[in-house]
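Heads up: the structure comes next, in structure tokens.
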Amino acid sequence: MMLPKLTLAGLVAVWLHLPSAHAQSSATIKIGVLADMSGLYSDLSGIGSVAATQLAVEDFGGTVLGRKIEVVSADHQNKPDIGSNIARQWFDQQGVNAIVDVPVSSIAFAVQQIARERNRVLLISSSGSSDLTGKSCSPTSVHWTYDTYALAQTAGKAMIREGGDTWFFITADYAFGHALERDTSAIIKANGGQVLGFVRHPQDTPDLSSFLLKAQASTAKVIGLANAGGDTINSIKQANEFGILGGGRRIIGLLTYISDVHGMGLKDAKGLILASAFYWDLTNETRAWTKRFMERSNKIPTMANAGDYGGTLHYLKAMKEAGTDEAQAVVRKMKEIPVNDFFTKNGIVREDGRVIRNMYLFQVKSPEESKYAYDYYKLLDTIPGEQAFRPLSEGGCPMLAKKS
């Protein structure tokens, strides 16, 4: 029997397929933590995300489907090209099955597409754009911790209820900032408020004084910060230094991590309203997990770190139940079984890949109110996931249109 001749294109196609086939049959399940290890978002992500992922693997038992689970990590340096190159190398050459964390939405979008093409899993915890489960949804990715819609629905809506009906945005000029400004603006307008203007600044801007002065000149009651990490810290500290706050004007960090509050100190952060999916001091379970986390990382966990743990643990549970490491089969199983860990109770992974869980509204304590280390938040409200996150029908996820 004569074998068919392979064209050059056919040979290339076979060669390109080999890394994927090799990875799926590897003796090790590899999980890659793609994070900011040294820059603007390293306090909210970084080594904490690695520690949380390792804890999840250990708590699961260290093996799945008879194979050892290995955690690898890399620094994407907040650059989409570097993040994309790492993802390709991990998938094509190192047999990585899933990528976890991924701060910076522009990087998450790029890695999401690569993961889809390679049929690998992406568990997003640190990036926030709600478009990740909207127009860019993928059958191999899950958006775990929070998103821009939930932040706006939780914290933005609370400010409107308190009389903050005119807003001016200081927005980080990249995908996450634009999405947070857009989602918050929609909620402001839907509740009778007005957006008086906005300015956009480059990522990692040390001096935000000119942007803050424009916000002050707008006479808006609320200065909405659609930025994150060091940019949020600098915005709030400088607003206090310049005396911009007070007299009926307030500032809100629409995405404020506990690492940001720690970085700016309670003197500058006191009274700040914020939304979060997690706070270490909420329950006995969150406190017990935080103790273990801090023994390993020597830092207080952020909601992104908690999400890395929860996403990794649920991924491994689903792989075990599915009996395979094939990405789409595992993600389908993740959507079938409830999410239960130390901070998410009976959550679900929705069809578009969005995890639905409670969100919390907090106010930062004053220095006098704080009684012990990292005693930073007062719980104001608990928002059920069905109210906090965007309705499935409004996201525009193409996968849903194909099913209908």
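The values are calculated or read from the model by the stated rules, or taken from the named source; none is laboratory data. Quick caveat, the model's predicted, so the values are computed rather than measured. In this analysis, Cβ positions are derived from the backbone assuming ideal geometry, glycine residues included, and neighbour counts consider all displayed protein chains. Ligands, DNA and RNA are stripped out before the accessible areas are found, and what is left, the full protein with its side chains, is counted by its heavy atoms. Shrake-Rupley method; radii C 1.70, N 1.55, O 1.52, S 1.80 Å.
Worth pointing out:
- Dividing the convex hull volume of the alpha-carbon atoms in the range 309-404 by its residue count gives 127 Å³ per residue.
- Solvent-accessible area per residue for the chain (1.4 angstrom probe, square angstrom): 40
- Unit charges on C-beta of K, R, D, E only; dipole of the chain, Debye: 660
- Mean separation of Cα contacts under 8 Å (6+ apart) over length of the chain, as relative contact order %: 18
- Relative contact order (percent, whole number), the range 182-251, Cα cutoff 8 Å, 6+ residue spacing: 31
- Within the accessible area of the chain (1.4 Å probe), percent carbon and sulfur: 53
- For the range 134-220, the share of alpha carbon pairs falling in successive 10 Å distance bins from zero is 15, 42, 32, 9, 1 percent.
- Stokes-Einstein diffusion coefficient of the range 268-345, Kirkwood radius over Cα pairs, 10 °C, 1.306 mPa s, in µm²/s: 112
- At least 20 Å along the helix axis (C-alpha) and Kyte average at least -1.0, DSSP helices within the chain: 8-24, 46-60, 175-190, 303-322
- Spherically averaged projected area in nm², based on the convex hull that wraps the Cα atoms of the chain: 21.7
- The range 60-193, relative contact order in percent, only Cα pairs under 8 angstrom and at least six apart counted: 19
- Burial order of peptide ranges 86-94, 370-378 (average beta-carbon count within 10 Å, highest first): 86-94, 370-378
- Separation in nanometres of the label points that stand 7 Å from Cα toward Cβ, at Ala401 and Glu368: 5.7
- Of Lys68/Lys317; Lys221/Lys267; Lys221/Lys365, pairs whose Cα-Cα distance is over 19 Å: Lys221/Lys267; Lys221/Lys365
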